[in-house]
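Have a look at the structure below, then the notes.
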Amino acid sequence: MLLAIDTSAGTSTAVFDGEKLLGFVEYEDPFGHAENIGNAIAEVLAKAGISAGEVTAVAIGRGPAPYTGLRVGMAAGTSFATALGLPMYSVMNLDAVAFAHGKAKILVSSDAKRKELFVATYESGERIFGPAVLKPEELSKFEGFEQVDGKCNAELIGRYSLWAEASGVDLSDSSALYLRSPDVAPSAGKRVTG
Amino acid sequence: MQFLELGKEHLTTVMDLEQKLFPEDAWSATSMASELDASHTYYLGVFDPELIGYAGLSTSAGSFSSDIQTIGIALESRGQGLGRKLMQQLIAKARELGSEQLMLEVRADNQAAISLYLDLGFVQIDVRKRYYQPAGVDALIMRLPIKQPIVLGIESTCDETGVGIVQGNRLLANALHSSMDEHSKYGGVVPEVAARAHLEAIRPTLEKALAEAKLSMSDIDAIAVANGPGLAGALMVGIGAAKGLALAHNKPLYAVNHLVGHVGADVLERGAVELPTIALLVSGGHTSLLLVRHLLNDVELLGETIDDAAGEAFDKVARVLGLPYPGGPQIDRLAADGEVTIRFPRGLTLPKDMEKHRYDFSFSGLKTAVARHVEKAQDAGEDFSKADVAASFREAVVDVLLTKAINACKDFGVNRLLLGGGVVANARLREEAQKRCDANGIELRIPRFQLCTDNGAMIAALGSQLVMAGRQPSGLGFGSESTLEVTQVQTP
């Protein structure tokens, strides 16, 4: 039984028994991650008709995505897996979205705020560029790619991790995938007298 | 029929019944008066409408043990289960106070009482020969073990990731990961840096706490998490982690107030927070003066900083003096070699300010005054003593903090002052606090430093108080509350 958790956009959770989706819950609110994460997990377990103790692995989305919300799902997945001693699969969100498009030649992008996009491109099921932060006008250099909305959810995270785990892809890096450094410059200190 | 807590105002009534019940060996009125009045005892009476029974419990702080002092039911009211009811309430009280056992002595010939105690779970552990005189009857010593809840607490309000574990009022683990070093190049806490560090630290800190307590997650009875006040992005990591933990093992979850947690930390030092108390919480994020009458029900914010927190002022002045972050220890070290030669301003202490802001603080003017002093000397090419500036600045901060805290103690007639928060590490603050408290007949409490700075154990301790008091867990839907009021000890 796999529990997948993703807070890259809204707050969503999914439970899989093998390849079979037993339950999916999604809260659309893009700001209510901390509020919704508990109910999203409790409700998806109830929908799937299983108890927490029956979960055998946890999958989480590790971004790129707006990080304040993303970290809520990552923290919940990490502690859930730690508490039960379960393996945790950490999935790059754009990979999970691309996986649903098979071997198509695609450019997956999602909102990175500040008028920028998180971008990755795929061909024949392989990532060939990214993830990177780009300005919308920079996308024109990628010719011949079908543009795909990178909005992700726990079902996509779960499906990708099931395939990746079976295919020997390494999903063990459980840190958030940051593409920008924290938004600050060291302070020089300024004079108070003119 | 009514159960009421007894106080010294009930002395005459209690003594009447005491003398009737124990004609041979009744307590003296003096003993009874001090029992009813003492802060470490809890006496309960049952009235119908006259007093028909009473029982007393004694709990010395820090012993994790309570004693049944006495129990008596009027002859004509026996056989109605009143003794059992009184005992059950005293057991509940002992549990709430964090005791891990309840002891009593009973006459070996009092078969009715012995069977009641056995039925309530007491076990005979010893006999005292001919303990009851003049009859020469043995006393059986009986003990009821009380299993206190094991609570795991998560703290992530600022730059410290803390996971603490307590059982009742006993500290089992206090694991901490600080991101302070990562903030040093920025000269202050950067919220995004702090939030990133929390996520990375959550697993290792959790594992460290469990290893320290020699427990596994299945041993934990409840989870507590600080949901405010603090940095939203940082709080959200702790909340996510706490909800994941609680759901993994289907444990009750308590969302608790970080600032009240600082006050609650003292239960881990001496088994209880003695109340009422004034609490002065001083850190890089807070400068708050609280009046705590009851840890769970009655916490009042008397005042707080209207601009910078005291710890922040230390950081800013350290920067003015060319010292690294965090500024507190740097200034403390430098000031040790200096003298208080400059009278820097004490914010909000002028008569007109004291009317409106008697218990509020302001440190931004002080920081500016220090910067102006330093810049003036530097511009004039004068040689000046950084150590003297540090000592004078520190003195101004300490003076205003303690003046207002002691005022609060006097104004409210509360002769206890509890310090908390990272700035308590400041040697001069501790020394001067002791001096002024001694001069004013105020008892000063300063928990050990690891319990003063932000930590998970204090959150666990406050959660444990809620569990022991029988409070309902929080729902799963709470979020981060950056500006959570101190009056909200638990978020439902």
Exercise. Using only helices, what value at 222 nm comes out for chain A when you add -39,500 (n - 2.57) per DSSP H run of length 4 or more and divide by the total residues, to the nearest 500 deg cm²/dmol?
Worked result: -9000 deg cm²/dmol
Exercise. Within chain B, which is the longest segment containing none of the chymotrypsin sites (Phe, Trp or Tyr not before Pro) that sit in a DSSP loop and have at most 15 other Cβ atoms within 10 Å?
Worked result: B:187-383
For this session: Sticking with the crude label model, points 7 Å out along Cα→Cβ, report the distance from A:PHE31 to B:ARG430 in nm, one decimal please.
Result: 4.3 nm
For this session: For A:LYS47, list the lysines whose Cα falls under 17 Å from its own Cα; do not include residues on the same chain fewer than 8 positions away.
Result: A:LYS20
Problem set entry | Angle in degrees between helix B:427-439 and the longest Cα principal axis of chain B, rounded to the nearest 10 | 50 degrees
Exercise. What is the Cα centroid distance between segment B:187-235 and segment A:32-67, reported in whole angstrom?
Worked result: 19 Å
Seminar exercise, completed: Per-residue average of other protein chain Cβ atoms inside 10 Å, peptide B:247-253 -> 6
Seminar exercise, completed: Rounded to a whole number, the Stokes-Einstein D of the protein assembly as shown in µm²/s (Kirkwood radius over Cα pairs; 37 °C; 0.692 mPa s) is 116 µm²/s
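Quick one: work out the % antiparallel among DSSP beta bridges in segment A:2-167, nearest 5. Please report the intermediate quantities before stating the final value.
Values: 24 of 36 bridges.
Around 65 percent of the beta bridges assigned by DSSP in segment A:2-167 are antiparallel ones.
What FRET efficiency do you get for B:PHE412 and A:LYS105 if R0 is 56 Å and r is their Cβ-Cβ distance, rounded to the nearest 0.05?
Numbers: r = 73 Å, r/R0 = 1.31.
For B:PHE412 and A:LYS105, the calculated efficiency is 0.15.
Using only helices, what value at 222 nm comes out for chain B when you add -39,500 (n - 2.57) per DSSP H run of length 4 or more and divide by the total residues, to the nearest 500 deg cm²/dmol?
-12500 deg cm²/dmol
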Problem set entry | Whole-angstrom gap from segment B:441-475 to segment B:110-129, using each part's C-alpha centre | 35 Å
Exercise. For the residue pair B:PHE384 and B:GLU9, what label-to-label distance in nm results when each label sits 7 Å from Cα along the Cα-to-beta-carbon direction?
Worked result: 6.0 nm
Seminar exercise, completed: Between A:GLU19 and A:LYS115, the two model label points (7 Å from Cα along the beta-carbon direction) sit apart by a distance in nm of 4.6 nm
Seminar exercise, completed: In degrees, nearest 10, the alpha-carbon axis of helix A:67-84 is tilted away from the dominant principal axis of the alpha carbons of chain A by 30 degrees
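Using only C-alpha atoms and all pairs of different ones, pull out the Kirkwood radius for segment B:216-256 in Å with one decimal.
Its Kirkwood hydrodynamic radius stands at 10.5 Å.
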Exercise. Roughly how tilted is helix B:456-468, in degrees to the nearest 10 and between 0 and 90, from the longest Cα axis of chain B?
Worked result: 30 degrees
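Relative contact order (percent) for chain B, with alpha-carbon contacts under 8 angstrom and 6 or more residues of separation? Before the final figure, lay out each step's value.
Numbers: 1070 pairs, mean separation 78.8, N = 492.
Value for chain B: 16 percent.
Sequence gap at least 6, Cα distance under 8 Å: using those rules, report the relative contact order of chain A to the nearest whole percent.
Values: 414 pairs, mean separation 45.9, N = 194.
Normalised by residue count, the contact order of chain A is 24 percent.
State to the nearest 20 debye the size of the charge dipole of segment A:2-167 about its Cα centre, where the only charges are +1 on K and R beta carbons and -1 on D and E beta carbons. Provide the component values of the computation, followed by the final result.
Values: 14 positive and 21 negative charges, 65 e Å.
I would put it at about 320 debye.
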For this session: Measure out, as a whole number of angstrom, how far apart the alpha-carbon centroids of segment A:129-185 and segment B:16-77 sit.
Result: 70 Å
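Could you tell me the calculated FRET efficiency between A:LYS141 and B:ARG84, based on Cβ-Cβ distance and R0 = 56 angstrom, to the nearest 0.05?
Working: r = 83 Å, r/R0 = 1.48.
Computed FRET efficiency for A:LYS141 and B:ARG84 comes out at 0.10.
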For this session: Compute the length gained on full extension between B:GLU375 and B:LEU120: take 0.36 nm times their separation in residues and subtract their Cα-Cα distance, giving the result in nm to one decimal.
Result: 84.5 nm
Problem set entry | Under 17 Å from the Cα of B:LYS8 - aspartates and glutamates, other chains or at least 8 residues apart | B:ASP16, B:GLU18, B:GLU35, B:ASP37, B:GLU50
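Please give the charge dipole size of chain B, origin at the Cα centre, charges +1 on K and R Cβ atoms and -1 on D and E Cβ atoms. Round to the nearest 20 debye.
Working: 46 positive and 61 negative charges, 98 e Å.
Dipole magnitude for chain B comes out near 480 debye.
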Problem set entry | Linear extension gain, B:VAL137 paired with B:SER63, 0.36 nm per residue minus alpha-carbon span | 23.8 nm
Seminar exercise, completed: Compactness check, segment B:43-156: C-alpha Rg relative to the 2.2 N^0.38 Å globular estimate gives 1.19
For this session: First measure r as the distance between the Cβ atoms of B:ARG333 and B:LEU444, then evaluate 1/(1 + (r/R0)^6) with R0 = 30 Å and state the FRET efficiency to the nearest 0.05.
Result: 0.80
Problem set entry | Those residues of segment B:445-485 whose amide nitrogen sits under 17 Å from the label point placed on A:ALA46, 7 Å along Cα→Cβ | B:473-478
Problem set entry | Within chain B, longest stretch clear of exposed GluC sites (Glu not before Pro) (DSSP loop, no more than 13 other Cβ within 10 Å) | B:51-338
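Give A:LYS115/B:LYS185; B:LYS85/B:LYS251; B:LYS404/B:LYS435; B:LYS367/B:LYS410 a once-over and call out the pairs whose C-alpha atoms are over 21 Å from each other. Write down the numbers at each step before the final one.
On the way: A:LYS115/B:LYS185 28 Å; B:LYS85/B:LYS251 30 Å; B:LYS404/B:LYS435 15 Å; B:LYS367/B:LYS410 29 Å.
With Cα atoms farther than 21 Å apart: A:LYS115/B:LYS185; B:LYS85/B:LYS251; B:LYS367/B:LYS410.
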Exercise. Put +1 on the Cβ of each Lys and Arg and -1 on the Cβ of each Asp and Glu in segment A:112-191; which of A:ALA120, A:LEU179, A:LEU162 then has its Cα farthest toward the positive end of the dipole?
Worked result: A:LEU179
Seminar exercise, completed: So the compactness index of chain A, its C-alpha Rg divided by 2.2 N^0.38 Å, takes the value 1.11
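Every number here is computed from the coordinates shown, using simple stated rules; none is lab data. Remember, it's a predicted structure, so these values are computed and weren't measured experimentally. Heads up, the Cβs are rebuilt from the backbone with ideal geometry, glycines too, and the neighbour counts pull from every protein chain shown.
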